[in-house]
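Let me begin by presenting the structure, written as structure tokens, before commenting on it.
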Amino acid sequence: MNNRNVLRHLKRAKKYIDKGWCKGVLARDEYDFPVHPTDIDAVSWCAVGALDASEDASLSTEDVKLVLHKCMKMPTITLGMFNDACKSKKDVLKLFDKAINKLQKYDVK
């Protein structure tokens, strides 16, 4: 896993969530209908959908999910379950910030 690529991916995904956040589906359009995370009509994303929308060929989304999961410290739930349990995008953004800060300060293995 290349920490620089993971960090770049986390920062891009965080921007999607900051634009708009949703629960229960990967992404939604302006009418609140579910859409694919990369759909041009998407206006909000869950944590997993934001990772999918910001994915590129240089990095597997699974590597980024692993870093986020380590920051959750809840081995029994998935990133999607965490997202859907949050009350606001602020909680999801905090998780991304924690992962970003950890990667910037320490080597996450």
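Quick note: the coordinates plus some simple rules give every number you see, no bench work behind them. Model, not experiment: these values are computed from the prediction. Positions of Cβ are backbone-derived with ideal geometry, glycine not excepted, and every protein chain shown enters the neighbour counts.
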Mind running the shape call on the range 59-106? Use the C-alpha gyration tensor, a ≥ b ≥ c as the square roots of the eigenvalues: rounded below 1.5 for a/c, prolate if a/b tops b/c, oblate otherwise. oblate
Descending packing, highest mean Cβ count within 10 Å first, for 28-40, 6-18 is 6-18, 28-40
For the range 76-88, in residue order, the Karplus 3J(HN,Hα) values (coefficients 6.51, -1.76, 1.60; θ = phi - 60°; whole Hz; Gly and Pro = x) are 9, 10, 8, 4, x, 5, 4, 4, 6, 7, 6, 8, 8
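In debye, nearest 20, what is the charge dipole magnitude of the range 3-105 about its Cα centre with +1 on Lys and Arg Cβ and -1 on Asp and Glu Cβ, if you could check? Spell out each step's value before the answer.
Details: 19 positive and 14 negative charges, 170 e Å.
The dipole magnitude comes to about 820 debye.
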Given points 7 Å out from each Cα along the Cα-Cβ axis, report the residue 70 to residue 18 separation in nanometres with one decimal. 2.4
Roughly how many nanometres apart are two label points built 7 Å out from the Cα toward the Cβ at residue 41 and residue 91? 2.9
Cα gyration tensor shape of the range 8-81, rounded if a/c is under 1.5, else prolate or oblate by comparing a/b with b/c: oblate
Please give me the summed charge of the neighbours of residue 47: other residues whose Cβ is under 11 Å from its Cβ, Lys and Arg +1, Asp and Glu -1. +1
